[in-house]
Amino acid sequence: MGGPITAFASGLLAQLGNDTTNGLVHESVQLAEGAPGFPLLPALVFTPLLGALLIGLIPGSRAELHRATAIITAVVTGVFSLYLLAIFDTADPGFQFVEATSWVSSLDIKFIVGVDGISLFMVVLTGILFPIALFAAKPEHNEKGYYLWLTVLMAGCMGVFVAMDLFLFFLAFELTLVPLYFLIGKWGHGRRVYAANKFFLYTMGGSALMLVAIVGLATMAGAGDDGGISFDLVKIANDGEISRDVARLLFVGFALAFAVKVPVFPLHTWLPDAHTEAPTAGSVDLAGVLLKLGTYGFIRYGLYLFPEASVWAAPVLLTLGAIGIIYGGVVAAMQKNLKRLVAYSSVAHMGFCVMGIFALNSHGIEGSVLQMINHGIITGALFILLGYLYKRRHTYEIAKLSGIQKVAPVFAGLFTLFMLASIGVPGLAGFVGEFLVLVGVFMAHRWWAVVAAAGVILAALYMLWAYQRVFHGEPDEENKGFGEIKLKEALPLAPLVALVVFLGVYPKPVIDRIQPSVASLIEHVEAQVPGFTEPTSQHGSELLGGDLDEGSGDGVSEDDVAGDDAEGAGAAGGPDDDEPQATLEGVTVTVTGGGS
Amino acid sequence: MELFPSDAVFTPDVSWVALWPMVVMALGGLLLLTISSLGKGRIPRPFYALWAVLTSVGSFITAIPLWAQVHGWEDAVLWYDPEVDPTGPFSTVGGVIAADGFSVFLTMLIAVSMVAVVLVIEAYLDREQDRFPEMFALTMFAALGGMVMVSANDLIVLLLGLETLSVAAYVLAAMDLRRVQSQEAGFKYFVLGAFSSAFFLYGIAFIYGATGGTGLVHITDFLAANVLLGSSGLMLLLGLGLLIVGFAFKVALVPFHSWSPDVYDGTPSPLVTFMSSVVKVAAFAGMLRVLVMAFESAGADWRPVIQGLAVLSLVGGALGAIVQSNVKRLLAYSSISHAGFILLGVEAASDVGTAAVVIYLTAYSALVIGSFTVVTLVARSGDRLHTLTDYQGLGRTSPLVAGLFTFFLLAQAGVPFTAGFYAKFSAVIAAVDAGTAWLAAVAMLSAVIAAYLYLRLVVTMWFVDPAAETDTSHVGVPAAAGIALAGCAAAVLWIGIFPNTLTDWAERSVPAVVQPAPPNLVESGDEADADVEFEVGPDGMPGMPGPMPGEMDFGELDLESLGIDPAELEAMLEGGDLGFDVDVEFEDPPG
């Protein structure tokens, strides 16, 4: 283990500090090449599974061993994911660390894994959030099952993010249902059984048609010269030829599954229940990682596999994303239950991710990926804090809480930090992703961006209002005994605090790695969809500080987004657009400073 | 003048290799009955169980060289020697028994299922302190019927197998003398089963009328060569419809399913493992061979019917299960829903579909045997605790049994890395491949409804505290049942994680249109100087038993060793007074 960790540390430091030409980076890359025998990506999937197996074999009476095994497994997997981040080749937009093994030969199903800049951070997010969730929360009973299911869940999430075979992807995607079902049903609160059943059936229903769509795609597009069948993602994406209407139909099959998972309005109703009743670790992983299965799916299995259908469906999904942002914000403001409020805020934040993806330009998609990472970290941290709160007060009712800031200032401080990040205050992680999404959407569909921006205001409204009710004022009798956060509790949050600040101030290292993959994805879409060019309605250069007037002229000529006539009025360009650009200009430079 | 000398006897060629699995099963059952009646209770019961297990294993082993033979392996396997034995699929006993990948694989599946079933029965009898060696014997006879059904290449033989299977199953259903529901189940099963057999037989009669034969190969060839119009076409459709009704009864498809929840409920629980595995396998095998192989060219007629039955069964089974409070009835409805899934493979009418059916049947057998073994154990002494209330808090009182049951249930729901998922996946592939993706979509959506009923059971076991009337005693796992459970769980996991092997086997398990071997007229001689090739037309020929199925190619005959003068034959042929069509081609023309 020493080798990888050292290499990781040096590699990470080097990459964060400098550009890729640093000597240390080469060293770490060479180190990875020097150990070709170690299958890093399969290890990400199988380490948790191995841990689950071990936990299953340890007798139920040894609760401390279960916890230790789960934590060690999760930490080792996390270290693997960070090592992967360190040795990841920033400049390569394609899939790296690809491993392929035959699985079901006659159907050409293979165990293919690989990561690109987009999935890399999903893997890292999984690798960070799971150990933290394990550290931060303990079950009150049945430790064995709890740790077993959490490790299985980790394996499932890793599987989804590294899979490059449709069959493997679907297996991993579905596998995540079972552990979370048990986590909610057995270790949850309140109406846990109802919430668990709803979660399971809703998401299973969503993905039922995806299996049919996958098989359809594999038989139609996967057929090579021999008329066979293939589940190979890259092969289907590049060689598959299916008629436009069929592709759209199949896309709907995939999109439904992802839309439920994200969740996209109006398919979100399972989420508040599942979030609210889930145990803390379940909520953290659900919000932090599992929701990203949907948005990641939209990018990898929507945009990449069905470029034409994605362009076709983009207006609808953009609209649903915008509705989700507003709806989630309004409903969150109405909540009496603090956990439910955070859950509804997830609906709003994930709406940004969806909008970013279907802005179909690099700003939008990069922003969307960033927003996934940030939302995972922020909401994960908020749920951990809420878990601490529940442990002290055994309630999430806003009305029953008051004046906590007085008795537990550090706790309140931490909550403030993550709350502000969630609102999207500049300088903290939440801002960067949402801003890039807004820029991307603005370029593609102006008015949608206007609507979405209103969601940011709503976020401030519901978050600050709730904060005011819970933390301000005088603590009543019941809240006087609210214990301050302990060091043991604060430690798991420390990496999240660091990340929230770091990503808010300096997101460049992340964007650098996402950018090449997103660029190549957009190239792929442009190549596959005749007449489609990336909607950069007013030309990226002007928005990032170029000459304003000249840019407007260019913008009109280049603004020929295929199939997007719906927002013709907004995209017409012209002098009336000057003002918003002028506002945007300065801010963009500030934020993405290093990236331009 | 006789064409053939009277001492040339036409006996159907019997290839015992193809019959060994059945013979072993039949002999094992008969001997068991004999021994038990001679022993008169002096023989300990485990002996019978061991005997039944060994018979099943023996039946399985005798199928192995047959598997090698039909696949034309080039290495000797057990007593199969490629140098001597014919290779490839073949038929025997005058073409009524087929030996192809399909029949051999399903025979093996029945034999393996039997091992698990016998073990569960033994665990049950041990708990109930009953003797009943008949239970073993009857399951063995029923399994024999099943083996005949999967190999039947003739509608009449299929009916024979079906009756052998069913009559034994009727008695098995009524086996529990202490519970009146058991007798009711047996009676209900018998009456409705007799109905379905009647439908089936009536269907055979119509098909005979339309095509002039009952052999599946004959029907295949006849339908390929002829277009039936008017009353003949109607007769064929009627026959086909009645056959489908008969099959639908046997496998319990909506709307012919109403007997199955009652029968599952009443039948002693260990025997439900048999009914839901072996009986289903045999009935589906028969259905597939008849519809997909023999009536391939009539696909446009029967495929919509099967599609309709599939939709009804999928949705009806899933919806029917939701309102049940009895676990056995609930699983009965779930098996109706599974039957709908299997129909996706039948309906596809392709090799992919057949492979899907084989995979589904294999996975499903492991799943239901495992599930009903748990039901048997939880029912406790007297086989009486079957309501959802009796399962409350099982996760706490008996975590092992509850855990296994949960595993089997989730697998039935189609959770990844289990056999249940892979089976559904195969069925979806078959449906999509056949251009009926809509049916696959219906199936997957109904699987979500069905998932709810499995979740209900899971919730009951793990998330609900035991009610006051719930028996909270620990559910022990006897060794015999433990072996069966472990085997089923291992199979479910193995198929789920490494489906390659099963897929490979399933793709080899395709029914073949196997022409009957030529009657043993003579061994082809080395010094043949005047060989002829015969083709006998559909009207048959004198001296042969029954109408000959289809056109027959006798291959090359050595006329001299038959005592036929080539010149005389030539003259007869030219005279045209043979009374039947014959097409002779002289290799070495006389004169």
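The values are calculated or read from the model by the stated rules, or taken from the named source; none is laboratory data. Predicted model only: the values in this text are computed from it and were never measured. With ideal geometry, Cβ positions are generated from the backbone for all residues, glycine too; neighbour counts draw on all protein chains shown. Surface accessibility is based on the protein's heavy atoms, side chains included, excluding ligands, DNA and RNA. Shrake-Rupley method; radii C 1.70, N 1.55, O 1.52, S 1.80 Å.
Hull surface divided by four, with the convex hull built on the Cα atoms of the range B:4-161: how many nm²? Each step should come with its number before you reach the end.
Numbers: hull surface 46.5 nm².
If I average the Cα hull's projected area over directions, I get 11.6 nm².
Quantify how strongly other chains surround peptide B:436-442 by giving the mean number of their Cβ atoms within 10 Å of each of its Cβ atoms. Could you put the intermediate results ahead of the total?
Details: counts 0, 11, 1, 1, 7, 7, 2.
Averaged over the peptide's residues, the number is 4.
Just the Cα atoms of the range A:370-436, one point each, no solvent: what log10 I(q)/I(0) does Debye give at q = 0.12, 0.15 Å⁻¹?
Calculated log10 I(q)/I(0) at the listed q: -0.35, -0.52.
Give me the accessible area of B:Trp505, 1.4 Å probe, in Å² rounded to the nearest 10.
100 Å²
Within straight cross-link reach of A:Lys235, meaning Cα distance under 16 Å, which lysines are found once same-chain residues fewer than 8 apart are removed?
A:Lys110
Given a Förster radius of 60 Å and the C-beta distance between A:Val330 and A:Ser102 as r, what FRET efficiency does 1/(1 + (r/R0)^6) yield to the nearest 0.05?
Working: r = 51 Å, r/R0 = 0.86.
Efficiency, rounded to the nearest 0.05: 0.70.
Give, as ranges by residue number, the residues of the range B:189-212 whose backbone N falls under 17 Å from the point 7 Å along Cα→Cβ of B:Ser231.
B:205-212
Heavy-atom accessible area per residue, the range B:56-102, 1.4 Å probe: how many Å²?
Details: 1940 Å² over 47 residues.
About 41 Å² of surface per residue is accessible.
Using a 1.4 angstrom probe on heavy atoms only, work out the carbon and sulfur share of the accessible area of the range B:16-508 in %. Numbers along the way, then the final one.
Working: 10620 of 15410 Å².
Here carbon and sulfur together make up 69 percent of the probe-accessible area.
Which whole-angstrom value gives the distance between the alpha carbon centres of the range B:405-454 and the range A:303-350?
That distance is 30 Å.
When the accessible area of the range A:224-337 is computed with all protein chains present and a 1.4 Å probe, what percentage of it is carbon and sulfur?
Working: 2000 of 3220 Å².
Summing carbon and sulfur atoms, their accessible area is 62 percent of the total for the range A:224-337.
Modelling each spin label as a point 7 Å along the Cα-to-Cβ direction, I'd like the A:Val410/B:Asp465 distance in nm, to one decimal.
Reported label-point gap for A:Val410 and B:Asp465 is 3.8 nm.
Determine the equivalent ellipsoid of the range B:369-527 by diagonalising the alpha-carbon gyration tensor, then write out the semi-axes as square roots of 5 times the eigenvalues, largest first, rounded to whole Å. Walk me through the intermediate numbers first.
On the way: eigenvalues 351, 105, 37 Å².
Value: 42, 23, 14 Å, ordered largest first.
Kindly identify residues of the range A:83-107 having a loss of at least 30 Å² in accessible area between the isolated chain and the assembly of all protein chains, probe radius 1.4 Å.
A:Trp103, A:Val104, A:Ser106, A:Leu107
What is the calculated FRET efficiency for A:Ala490 to A:Leu464, with r their C-beta to C-beta distance and R₀ = 22 Å, to the nearest 0.05?
0.40
I'd like the interface area for chains B and A: accessible area of each alone minus the complex, both sides summed, 1.4 Å probe, protein heavy atoms only. What is it in Å² to the nearest 100?
On the way: alone 22450 and 21470 Å², together 40960 Å².
Chain pair B/A: roughly 3000 Å² of buried accessible area.
Can you compute the modelled spin-label distance between A:Ala498 and A:Lys400, with each label point 7 Å from Cα toward Cβ, in nm?
Taking the two extended label points, one gets 3.6 nm.
Can you give the local net charge around B:Ser509? Use residues other than it whose beta-carbon is closer than 14 angstrom to its beta-carbon, Lys and Arg +1, Asp and Glu -1. Provide the component values of the computation, followed by the final result.
Working: positive: B:Arg289, B:Arg508; negative: B:Asp100, B:Asp351, B:Asp504, B:Glu507.
Net charge in that neighbourhood comes out at -2.
Can you compute the charge dipole magnitude of the range A:341-514 about its Cα centre, using +1 on each Lys and Arg Cβ and -1 on each Asp and Glu Cβ, nothing else charged? Give it in debye, rounded to the nearest 20.
Working: 12 positive and 10 negative charges, 34 e Å.
So the magnitude is around 160 debye.
Mind checking the mean number of beta-carbon atoms from other chains within 10 Å of the Cβ atoms in A:163-173? Before the final figure, lay out each step's value.
Values: counts 0, 0, 0, 0, 4, 1, 0, 3, 8, 2, 1.
Mean partner shielding for this stretch: 2.
Using the Kirkwood formula over every pair of different C-alpha atoms, what hydrodynamic radius in Å results for chain B? Before the final figure, lay out the partial values.
On the way: mean 1/r = 0.0398 Å⁻¹.
One over the average 1/r among Cα pairs gives 25.1 Å for chain B.
If one takes the longest principal axis of the Cα atoms in chain B, at what angle in degrees, from 0 to 90 and to the nearest 10, does the Cα axis of helix B:16-39 lie?
Around 50 degrees separate the two axes.
With everything on Cα atoms, drop me the angle between helix B:399-413 and the longest principal axis of chain B, reported from 0 to 90° to the nearest 10.
Orientation of helix B:399-413: about 50 degrees from the principal axis.
As an exercise, find the ratio Rg/Rh for the range A:268-347 from alpha-carbon atoms, using the Kirkwood inverse-distance average for Rh.
On the way: Rg = 14.4 Å, Rh = 13.8 Å.
For the range A:268-347, the value is 1.05.
Starting from the 7 Å offset along Cα-to-Cβ, what nm value, one decimal, do you get for the label separation of A:Ala454 and B:Val191?
With each label placed 7 Å out from Cα toward Cβ, I get 6.8 nm.
Taking just the C-alpha trace of the range B:212-308, give me its Rg and Dmax in Å.
Cα only, the range B:212-308: 15.8, 50 Å (Rg, Dmax).
Across peptide B:445-456, how many C-beta atoms of other chains are within 10 Å of each residue C-beta, on average? Display every interim value, and only then the final one.
Details: counts 4, 1, 4, 10, 3, 0, 7, 5, 0, 1, 8, 1.
Per residue, the number of nearby Cβ atoms from other chains is 4 on average.
Taking Rh as the Kirkwood radius computed over C-alpha pairs, what is the Stokes-Einstein D of the range B:76-184 at 10 °C in a medium of viscosity 1.306 mPa s, expressed in µm² per second?
Details: Rh = 15.9 Å.
My calculation gives 100 µm²/s for D.
Give, rounded to the nearest 20 debye, the magnitude of the charge dipole that chain B has about its Cα centre when Lys and Arg contribute +1 at Cβ and Asp and Glu contribute -1 at Cβ. Don't skip to the answer; put the middle values down first.
Details: 20 positive and 56 negative charges, 1172 e Å.
Value, rounded to 20: 5640 debye.
In degrees, nearest 10, range 0 to 90: what is the angle between the Cα axis of helix B:566-575 and the longest Cα principal axis of chain B?
Relative to chain B, helix B:566-575 is tipped by roughly 90 degrees.
Could you list, in their original order, any pairs among A:Lys144/A:Lys339; A:Lys186/A:Lys486; A:Lys144/B:Lys424; B:Lys250/B:Lys424; A:Lys292/A:Lys400 whose Cα atoms are separated by more than 24 Å?
Working: A:Lys144/A:Lys339 26 Å; A:Lys186/A:Lys486 27 Å; A:Lys144/B:Lys424 31 Å; B:Lys250/B:Lys424 22 Å; A:Lys292/A:Lys400 33 Å.
Over 24 Å Cα-Cα: A:Lys144/A:Lys339; A:Lys186/A:Lys486; A:Lys144/B:Lys424; A:Lys292/A:Lys400.
Give the calculated FRET efficiency between B:Val57 and A:Phe38 to the nearest 0.05, with a Förster radius of 45 Å applied to their Cβ-Cβ distance.
On the way: r = 44 Å, r/R0 = 0.98.
Efficiency for this residue pair is about 0.55.
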